[in-house]
Structures are given as structure tokens and as C-alpha cells.
1. State whether the residues of the stretch 139-150 include one that is among the charged types (D, E, K, R), outside any helix (DSSP H, G or I) and out of contact with any helix residue (DSSP H, G or I) (no Cβ under 7 Å at 6 or more places or on another chain).
2. Please verify whether the stretch 35-52 includes one or more residues that are over 15 Å from Val129 (Cα atoms), part of a strand (DSSP E or B), touching a strand residue (DSSP E or B) at 6+ places or on another chain (Cβ under 8 Å) and open to solvent by less than 50 Å² (accessible area, probe 1.4 Å).
3. For the stretch 102-123, which positions are in a loop (DSSP other than H, G, I, E, B) and open to solvent by 80 Å² or more (accessible area, probe 1.4 Å)?
4. Could you please find all residues in the stretch 71-101 being out of contact with any strand residue (DSSP E or B) (no Cβ under 8 Å at 6 or more places or on another chain) and either among the aromatic types (Phe, Trp, Tyr) or in a helix (DSSP H, G or I) (or both)?
5. Test Ile144 against the stated conditions and say whether it is in contact with a Leu (Cβ under 9 Å, 6 or more places away or on another chain) and open to solvent by less than 60 Å² (accessible area, probe 1.4 Å).
6. Let me spell it out: the conditions are (1) at pLDDT 95 or above; (2) in contact with a helix residue (DSSP H, G or I) (Cβ under 9 Å, 6 or more places away or on another chain); (3) in a loop (DSSP other than H, G, I, E, B), and Ala132 meets all of them except one. Which number is the exception?
7. Do we find a residue being of a type in the set (Lys, Arg), over 14 Å from Val158 (Cβ atoms) and touching a residue at least 60 places away in the same chain (Cβ under 8 Å) anywhere in the stretch 86-102?
8. For the stretch 61-79, indicate whether the set of residues that are open to solvent by less than 60 Å² (accessible area, probe 1.4 Å), hydroxyl-bearing (Ser, Thr, Tyr), without any contact (Cβ under 8 Å) to a residue 60 or more places away in the chain and more than 18 Å from Gln153 (Cβ to Cβ) is non-empty.
Amino acid sequence: MISVRLFAVPALVALLGTGPVLAQQSLNGTITGNDVDRIAELARAYGTIERREDEDGVWLRGEMDGIVYTISFLNCNDAHQDCTSVQFRAWWESNGAHSMDRMNQWNRDRRFSAAYLDSNNNATIEWDVNLAGGVTATNFDDSIQWWQAVVRQFREQVVDPGFAAAGMSTTAPSTPSAPPAARGK
């Protein structure tokens, strides 16, 4: 019989390992769609993050666990302010390695996230977070942790096996110069 302690010790070490990062940032207050710098600060606890801007407004380019992703600000007014949601998105240049069946299976089995092949047939995963009326910083930090878990699982269960089945080496996700597709106002 395998001891529960064999599983508990690594889990405890992993949990304690995140403590110093979270302790360095304040999880007080409320986050809204106008709090770009605060969202970047919270995301920075999980990897690199850069603020970018284009004609559609401000967006963030991040990297965690070797996965490049974006955070786009959605449902904004004409001045690109008062956004009521953000969207996390990562994508991999698939070159035909990923199927619609795998995307559909992912969507059937998951509550958080949506996976699809984009207009260039790239394996894409995204997750929207509602900020209407504001959310606590603790809640938003939890959303980032969920995103990290979801995108890791997507890479491990969909992206890597798709590349392997196609006889292709696993490649890093696309490095965005701008978020793909229209980002809604």
C-alpha cells in the first residue's frame, strides 16, 4: 500500500514554494478593467509580463512555464477604458498537427476555457474573466492560478500529443506581436 505521505509531502512543498511570491504582493483591494498595471503586477508573480499597446488599446504579453500568452481587455468603451472583462489566450502554430476532434473533446471535458483551431488552424486556448463591477485581488489572483493550470494541461494533453502524433517536435507557442483576432469593444 502506498503511503499518503508520499503524495502529501510534495504537495506541501509546492504550496509552500508559492508562499514567498504571493507574500511579496498585496492581494488587497478590487481589480477592474482599468487596472492594467495591477493586473500585470499580479500576473508577474507567475512569470514575465510586458505591457503593450496598439490601435485597439492596451494588452499584456506574458510567459509562464515556457508558454507565451496574452491578456486582452474586452468590452471597453470607445476610449478603450472601463473594460468589463479580460481574456487570457495562448496558441501554437500547429501546421496541421491538431484536430477539431481534440479541441471538441477538450471543450466537452472542461469547465474553464475554450479550445479551438483559429483561422490559421493553430491550436488555441482562451479563458475570459468577468471584471464587471470589480473583483477582489484575491479572486483575480486565483483566476491567474486557474489559467496556469488550464494552459499547462492543454499543452500536456492536447498540444504535445498532437505534435507527437504528427511526427513533429513539440514547439513553443506562437510569440505574439499582437493578440490575434478582434478583441471586442
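1. No, the stretch 139-150 contains no residue that is among the charged types (D, E, K, R), outside any helix (DSSP H, G or I) and out of contact with any helix residue (DSSP H, G or I) (no Cβ under 7 Å at 6 or more places or on another chain).
2. Taking every residue of the stretch 35-52 in turn, at least one turns out to be over 15 Å from Val129 (Cα atoms), part of a strand (DSSP E or B), touching a strand residue (DSSP E or B) at 6+ places or on another chain (Cβ under 8 Å) and open to solvent by less than 50 Å² (accessible area, probe 1.4 Å).
3. Arg111, Ser119, Asn120, Asn121
4. Of everything in the stretch 71-101, just one residue is out of contact with any strand residue (DSSP E or B) (no Cβ under 8 Å at 6 or more places or on another chain) and either among the aromatic types (Phe, Trp, Tyr) or in a helix (DSSP H, G or I) (or both), namely Asp101.
5. Considered against the rule, which asks whether it is in contact with a Leu (Cβ under 9 Å, 6 or more places away or on another chain) and open to solvent by less than 60 Å² (accessible area, probe 1.4 Å), Ile144 comes out as yes.
6. Going through the list (1) at pLDDT 95 or above; (2) in contact with a helix residue (DSSP H, G or I) (Cβ under 9 Å, 6 or more places away or on another chain); (3) in a loop (DSSP other than H, G, I, E, B), Ala132 breaks only (2).
7. The answer is yes; a qualifying residue exists.
8. No, the stretch 61-79 contains no residue that is open to solvent by less than 60 Å² (accessible area, probe 1.4 Å), hydroxyl-bearing (Ser, Thr, Tyr), without any contact (Cβ under 8 Å) to a residue 60 or more places away in the chain and more than 18 Å from Gln153 (Cβ to Cβ).
The values are calculated or read from the model by the stated rules, or taken from the named source; none is laboratory data. Keep in mind the model is a prediction, meaning the values are calculated, not measured. Every residue, glycine as well, gets a Cβ built from its backbone with ideal geometry; the counts of neighbours run over all protein chains shown. When the accessible area is computed, the model is the full protein with side chains, heavy atoms only, and any ligands, DNA or RNA have been set aside. Shrake-Rupley method; radii C 1.70, N 1.55, O 1.52, S 1.80 Å.
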